[in-house]
Amino acid sequence: MKSLAKLAVYIGLALAALTFLYPFLWMASSSLKPPVEVGTISLIPLDATFDNYRTMWSRAPFGRALFNSVLVATTITFAVLVLGSITAYALARLRFRGRPALEAVTLGLLLVPGQLTLIPLYTLMVKLGWIDSYAALIVPYLFNATAILMLRQFFLQIPQSLVDSARMDGMGELRILFTIFWPLARPALSIVAIFTFMGSWNEVLWPLLVVRDAHLMTLPQLLTVFALGGGAGSLGVSLASAMVLVVPVVVAYMFLQRSFIESMAGAGVKG
Amino acid sequence: MRAEERSGWQLSAPFVLFLLAFAAYPICFAIALVFMHWDLVTVPSFAGLDNLVHLATDTRFWRAVANTFVFLFIHVPLQIATALALALALDRPLVLRAFWRAAFFLPVVISGAVVAILWSNLYATDVGLINGLLARVGIAPVPWLTDPRTAMPAIALMVTWKNVGFYVIIYLAGLQNVPRSCREAIEIEGATSWQRFRFLTLPSLLPQTILVLTLSTINGFQLFIEPYVMTGGGPLRRTYSVVLYLYTNAFSYQKMGYAATIGVALALIIGAVVAVQRRLLGRAEAA
């Protein structure tokens, strides 16, 4: 009886896992199939070909979009780590007038839905002349309230004696932050880095608003425009273009899945 | 002490400037835009209550609100049930436990745009895999995304599939907190596994359920890329979401004042729905 129940659990898990994995496996294999085979359920292409990838690459600037996405996501992640740490350090370790108010405002920001500020931010980009520029994709994301609060929480746990003795040695606050706090805060920094990078990498609504020039589009945006505009022309080609967005993420996920799950679930709960 | 005060100000200054430009200003300007007509080209003009009156009588807006509620009524209960079921299945010593968890979480890390393109193909009436599987058991093809009755449920099902791994993690963390002594005690009392679930596990997971409810509701109100890619809001506008309507007003019609009004209204609706949910379940938690 006990082992029968156990078997049922494993069968259930296997069916569930198949539901989550099969569509992605099918996408990967279909991107390698010639048009006559694409509709089939089989995972093994009978006549594997890179034609879909060649077509996709030649019809829209996917190479450039890959570059844009990497540039934007990396810059934002770097900024959120460095600038967020600086803010978090001030909030966690320095006493100054206005700090409680700043903390309250940062916490309050988590409650403001993005839709409220979407249009005013867009009109601000128009007024600044930032439409069709990297600035519009990057600058509004330079700071992140969730990241600041997470890092602040972590910095609060670092013993005051370390800070005191560093100050005694004449170290400035920024040096204390980057030479003493950063090495200790690596778990928190990697959590922030993953959810920031993934958030930026997958973001599509904001780019759709502020970028119209195909050469400045990020990958998810170009993919959407390409698939909707009929540029793909065939299913295999549109799946091949989706693969460009998915493969780097899946490779990183396979190596770092524990950190990914911890990071993205943690950010959602706190955010 | 003076030095600490000065460093505090210096180090928080960049964030304060950022807040002023990219949070305080947009929030204030959102309110101002409610009372403006602006097409981004000509000078903005004072609109009085035009946008609010238009919003109140705009059947397209209320259609989008109703659609979003249809989405939520299917998505949220389904999300809670599937996340809870998978978490319960995982909450035991298992071979390959990390693998199962990672498999369930995979769609969470994939871009919504990719998932939407992929599922458009899975849902396709003639060549889609889902209808292909149904045909094998003798079920006639269902026009998932082109029938006004099935389009929104189909999208809700897909979004549930995409996000479930995220909520499984929340429930798994909650299951760690069910006291082992209670589990043992209730087993000695001779409770069936259903009784154990109903009277021990489920009540002790109430905080997680409230969290899943709140997050999946907020997330549901943000529905955009799925209808944008899969249906364009059709058929018969049945999958037009509020955010898609906001985007269309800003991007296609250049009505900044009206789009901002929709944004403000949506923020208020989200706040009200989440407050009602919290109050109802908070009462359950206190009881």
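The values are calculated or read from the model by the stated rules, or taken from the named source; none is laboratory data. Just so it is clear, the model here is predicted, and its values are computed rather than measured. Counting neighbours? That spans all protein chains shown, and the Cβs are built from the backbone with ideal geometry, glycine included.
Scanning the range A:238-249 finds no residues that are within 13 Å of the chain's Cα centre (by Cα) and not in a helix (DSSP H, G or I). Please verify whether residue A:54 is in contact with a Gly (Cβ under 7 Å, 6 or more places away or on another chain), more than 14 Å from chain B (Cβ to nearest Cβ) and of a type outside the set (Ser, Thr, Tyr), treating the condition exactly as stated. It is false that residue A:54 is in contact with a Gly (Cβ under 7 Å, 6 or more places away or on another chain), more than 14 Å from chain B (Cβ to nearest Cβ) and of a type outside the set (Ser, Thr, Tyr).
For the condition at pLDDT 85 or above, among the aliphatic types (A, V, I, L, M) and under 15 Å from residue A:70 (Cα atoms), what is the one hit in A:210, A:244, A:192, A:225?
Values: A:210 fails: under 15 Å from residue A:70 (Cα atoms); A:192 fails: under 15 Å from residue A:70 (Cα atoms); A:225 fails: under 15 Å from residue A:70 (Cα atoms).
Result of the check over A:210, A:244, A:192, A:225: A:244.
For the range B:79-102, the count of residues that are within 21 Å of the chain's Cα centre (by Cα), within 24 Å of residue A:8 (Cα to Cα) and free of Cβ contacts under 8 Å to residues at least 12 places away in the same chain is at least one. Among the residues of the range B:125-141, just one is within 11 Å of another protein chain (Cβ to nearest Cβ), assigned to a loop (DSSP other than H, G, I, E, B) and under 18 Å from residue A:19 (Cβ atoms), namely B:128.
From the set of residues in the range B:11-64 that are in a loop (DSSP other than H, G, I, E, B) and surrounded by 15 or more Cβ atoms within 10 Å (Cβ to Cβ), which is farthest from the other protein chains (Cβ to nearest Cβ)? Checked the range B:11-64; the qualifying residue farthest from the other protein chains (Cβ to nearest Cβ) is B:58.
Scan the range B:218-241 and give yes if some residue there is among the polar types (S, T, N, Q), surrounded by 17 or more Cβ atoms within 10 Å (Cβ to Cβ), in contact with a Pro (Cβ under 6 Å, 6 or more places away or on another chain) and more than 9 Å from chain A (Cβ to nearest Cβ), otherwise no. Don't jump to the end; show me each part of the working.
First, pick out the residues of the range B:218-241 that are among the polar types (S, T, N, Q): B:219, B:222, B:231, B:239, B:241.
Cutting the leftovers down to surrounded by 17 or more Cβ atoms within 10 Å (Cβ to Cβ) gives us B:219, B:222, B:231, B:239, B:241.
From what is left, the residues that are in contact with a Pro (Cβ under 6 Å, 6 or more places away or on another chain) are B:239, B:241.
Pick out the ones that are also more than 9 Å from chain A (Cβ to nearest Cβ) and you get B:239, B:241.
Looking through the range B:218-241, at least one residue is among the polar types (S, T, N, Q), surrounded by 17 or more Cβ atoms within 10 Å (Cβ to Cβ), in contact with a Pro (Cβ under 6 Å, 6 or more places away or on another chain) and more than 9 Å from chain A (Cβ to nearest Cβ).
Within the range A:26-41, which residues are exposed (fewer than 15 other Cβ atoms within 10 Å of the Cβ) and within 11 Å of chain B (Cβ to nearest Cβ)? Correct list: A:41 only. Could you tell me whether any residue of the range B:264-283 is within 11 Å of another protein chain (Cβ to nearest Cβ), small (Gly, Ala, Ser) and surrounded by 24 or more Cβ atoms within 10 Å (Cβ to Cβ)? Among the residues of the range B:264-283, not one is within 11 Å of another protein chain (Cβ to nearest Cβ), small (Gly, Ala, Ser) and surrounded by 24 or more Cβ atoms within 10 Å (Cβ to Cβ), which makes the answer no.
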